[in-house]
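Encoded as structure tokens, the structure appears first; notes follow it.
Just so you know, all these numbers are worked out from the coordinates, no wet-lab data involved. As the structure is a computational prediction, the values presented were derived from the model and not from experiment. Methodologically, a virtual Cβ is constructed for each residue, glycine included, from the backbone with ideal geometry; neighbour enumeration extends over all protein chains shown.
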Amino acid sequence: MPASEKTFVVDQGLAWTKGFLFSSELEVLKKSLCPTTPDPKDGVDWVLASLGQAKERVILLNDREKENYANSLLKLFSNFYGKKFIRLDFGASLYKKNIPAEKILPYLRQATQISDIENYLGNKRIKNWRIPHNQKEFEIELSYLLNSLPFEEKKPLGVILSGGIFRNKIGPYEILMTLNLLKPSPLTEIFVDKENISLAWGACLKEAALEDKSELKLGGIEKLGTLISLNGEGKVAFDFGLKELQETEVGKDEIIVIPCQSDQKVKATFNKDGVEIKESIITGGLGIIIDRRDNLSFADKSRTSKWLAYLGGLSIIE
Amino acid sequence: MILPVVKRFSFQDTTIIQRSIPAGANILVSEGDKVTPETILAEGVVSAGQRLLQVAKILGVNKHKVKKHLTRKIGDKIFKNEVLARKEGLFGLGKKVVTSSIDGEVMAITSEGDVMVKFLPEQVRVVSGARGKILQIKKDELVIETLVHKVFGVVGTGRIREGIIKIAAKPNEFILESNINGDDQNKILVGGASIGRSALEKAVKSGVRGIVVGGINYADFLSFGVGSDVGFTLVVTEGFGILPMGEDIFNKVKESEGYFGFVDGKSSSLSIPVMAEFKEKLKIRPVKWREPKANDLVRVLDEQRGELVGTLISIEGEKTTDYGVKTQMAVIELKLGKIQTPLANLEIVQN
């Protein structure tokens, strides 16, 4: 990418058209978004005008190239962390699927009628950019999206969660629901695309032919936390750089969340399948999630029902 | 952010309507003729068809022995509620009768033991119902160019149908089975916040041509086969759920109660021919999407609310709501007061 040239990237999704202005040093200078208009040009023109686009370079992401852009981003993450990353895309195209309301209902925390779920999703299909008005609608969307993605069989070591829903405040409940989709590796790094910017970053990185960065700070993509998946022994030892190690023991079928400050360097030691694992973690805003739902086939229905049963008693260590 | 500009209704749209002509009726107009709402387009003596009465099944008799239970011969007339067939029971018990549901003529007994009764021919007049010009005369319909006022909904199903507009319920009431009766044949029922499955089925059986309602459960809507036609046309003005019909739409349609209307599921609209003669057509420049501004009339996409149309007061910055959603907010004024809502959930209403 030539020096002193800014880049405009417009990502036209099914529901939202997102625009970003990147500096020549690959910093995000400006963001803009609007619902995707029936005539695509209207939305694109408005987004570019709101970013102040004049003569600078414009990259308009098209569907054919989106997978390549996603791969560029994942390659950067994989190279930086030395482990394989995947991207889980909870985009609006998932609303085309017909997920029965009965599958969504178990994940909702408030008492809800089946017809309420069906009506909300019916209205969402008419105007797919609509935003939840309350907690119940938010959970309906999240539950629907989770039911519409297949289980990820690849045991990824890193995950980037992407989709409009992640612009919102995401807590342990939402993360655990999301991670229910993954076949657990011993340790998984979780990132969240807070600005729906991951494809735009991928486009910039591809154009700049950038595969490695000394510091992985991509504006809009945040480190959320780390998932440790245990079976057998439930003990994890953490080295926070203090005098003594901090040990945590997790009971069988329990999940706990250890809150941490962001960007803290921690070393974790634990056993899985009889093998001692030592990993360095850079913590995220949510902390470290330790999941000890062992000896269950990942697709086993009782895994989900057990998770739902103890969700109310989710232990967060203060 | 830009938002969609939606029309809830339009005035004096030039449109094409089709008026069905029963088989056997004489067409009294020609192509190019100007017509008024009172113009008689066709008239004649026609039969509305026939009915099949399952006499053998109802009486519980052998299908080859129906004839001996009939009170009429083939070719005889019979009137509504008269006894068509009878089976005497034993010692006065188990007596059964079949009455005619129409005024008609006994035509035949089928091999299944059903009796075919043909409607008695009656004088039929097809009135234009619209002011305009005859564009085309086809075998069983006339095509008329006319000016209409149109009411737009958000979703619909069923082909274009004509009927007399009748207000069936107030905006915040339900259209119940009890709201629908035999007199509603050939009517377009309008109003209400919702209609249930059983009322929809009764509407079909009663010969209702169309229903325009504020809301409907998504599952009930799908059960009518989106994109197909089940015998009447449905237009939903507000969305899925229990949603009172907007007062703006309800009041406009109420003015036209008793007049002809044309309901179209594909365009989710109800067209009401303009009765008065206008020399000029209003021209409204179509604007599809634009930035909202204060004092815009807006509609909220929120099925939890009883009232959905209000005035935009202000546009706020991006905030995180108490349930964790981060989005740009707006303040709008409804009749019941001011509310804060995601800006993206508004539509600008252009009427």
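Some observations on this one:
- Spatial separation of Cα centroids for the range B:121-150 and the range B:205-247, in angstrom: 26 Å
- With distances taken between every two different alpha-carbon atoms, the protein assembly as shown has a Kirkwood hydrodynamic radius of 29.8 Å.
- Dividing the summed helix terms, -39500 (n - 2.57) for each DSSP H run of n ≥ 4, by the number of residues in the protein assembly as shown produces a 222 nm estimate of -5000 deg cm²/dmol to the nearest 500.
- For A:Gly287, the residues 5 or more places off, or on other chains, whose built amide H falls under 5 Å of its own are A:Thr226, A:Cys260.
- Here B:Ala219 and B:Ile40 are evaluated by their C-beta separation; at R0 = 45 Å the FRET efficiency comes out at 0.55.
- Here chain B is treated as a Stokes sphere of Kirkwood radius computed over C-alpha pairs; at 25 °C and 0.890 mPa s its diffusion coefficient rounds to 105 µm²/s.
- Between B:Arg51 and A:Lys169, the distance separating the two model label sites (each 7 Å from Cα on the Cα→Cβ line) works out to 6.5 nm.
- Annotation: amide H of A:Cys34 within the under-5 Å range of A:Thr17, sequence separation 5 or more or interchain, hydrogens built in the peptide plane.
- Counting DSSP beta bridges with both ends in the protein assembly as shown, the antiparallel % (nearest 5): 75 percent
- 10 Å Cβ neighbours from other chains, averaged over peptide B:54-67: 0
- Three-way shape call for the range B:40-88 based on the alpha-carbon gyration tensor, with the a/c threshold at 1.5: prolate
- Vicinal HN-Hα couplings computed from phi for the range B:254-270 (Karplus, 6.51 cos²θ - 1.76 cosθ + 1.60; Hz; Gly/Pro x): 4, 4, 9, 4, x, 9, 5, x, 10, 10, 10, x, 5, 9, 6, 9, 10
- Think of the protein assembly as shown as having a plus end and a minus end, set by charges on the Cβ of Lys, Arg, Asp and Glu; of A:Ala101, B:Gly60, A:Phe270, B:Gly60 sits farthest toward the positive end of this dipole.
- For A:129-142, mean number of other protein chain Cβ atoms within 10 Å: 5
- Note on B:Asp322 and A:Ser262: the model spin-label points, each 7 Å out from Cα along the C-beta direction, lie 2.6 nm apart.
- The range B:146-276 - charge dipole about Cα centre, Lys and Arg +1 at Cβ, Asp and Glu -1, debye rounded to 20: 220 debye
- Cα centre as origin, Lys/Arg/Asp/Glu Cβ charges: the range B:1-141 dipole, Debye: 700 debye
- Hz values of 3J(HN,Hα) by residue in the range B:124-141 - Karplus curve (6.51, -1.76, 1.60), Gly and Pro given as x: 10, 10, 9, 8, 4, x, 9, 9, x, 9, 6, 8, 8, 10, 10, 4, 10, 7
- Shape category assigned to the range A:42-93 from the gyration tensor of Cα positions, a/c cut at 1.5: prolate
- When the Cα convex hull of the range A:214-274 is projected onto planes of every orientation, the mean area is 5.8 nm².
- Charge context of B:Thr39, other residues only, Cβ under 12 angstrom, K/R +1, D/E -1: +2
- The alpha carbons of the range B:23-149 give a radius of gyration and a Dmax of 21.6, 70 Å, in that order.
- Total formal charge among the other residues, if their Cβ is under 15 angstrom from that of B:Glu112, Lys/Arg +1 and Asp/Glu -1: +4
- FRET efficiency, 1/(1 + (r/R0)^6) with R0 35 Å, evaluated for A:Asn62 and B:Ile339 via beta carbons: 0.35
- With contacts taken as Cα pairs under 8 Å and at least 6 residues apart, the range A:86-146 reaches a relative contact order of 45 percent.
- Only Lys, Arg (+1) and Asp, Glu (-1) charged, at Cβ; chain B dipole about Cα centre in debye: 1180 debye
- The calculated Kirkwood hydrodynamic radius for the range A:1-127 is 17.5 Å, given to one decimal from all distinct C-alpha pairs.
- Backbone amide hydrogens, once placed in the peptide plane, bring B:Asp296 within less than 5 Å of B:Leu312, excluding anything fewer than 5 places away on its chain.
- Working ranking of peptides A:268-277, B:51-60 by packing, defined as the average number of other Cβ atoms within 10 Å per residue, highest first, is B:51-60, A:268-277.
- Top positive-direction residue, dipole computed over chain B with Cβ charges, set B:Asn295, B:Leu142, B:Leu234: B:Leu142
- Karplus 3J(HN,Hα) series, Hz, for the range B:102-116 with 6.51 cos²θ - 1.76 cosθ + 1.60 (x for Gly, Pro): 9, 7, x, 10, 6, 9, 6, 10, 7, 5, 8, x, 8, 10, 8
- With the charge dipole of the range B:139-264 set up from +1 on Lys and Arg Cβ and -1 on Asp and Glu Cβ about the Cα centre, the Cα lying farthest toward the positive end among the listed residues B:Leu243, B:Phe262, B:Ser198 is that of B:Ser198.
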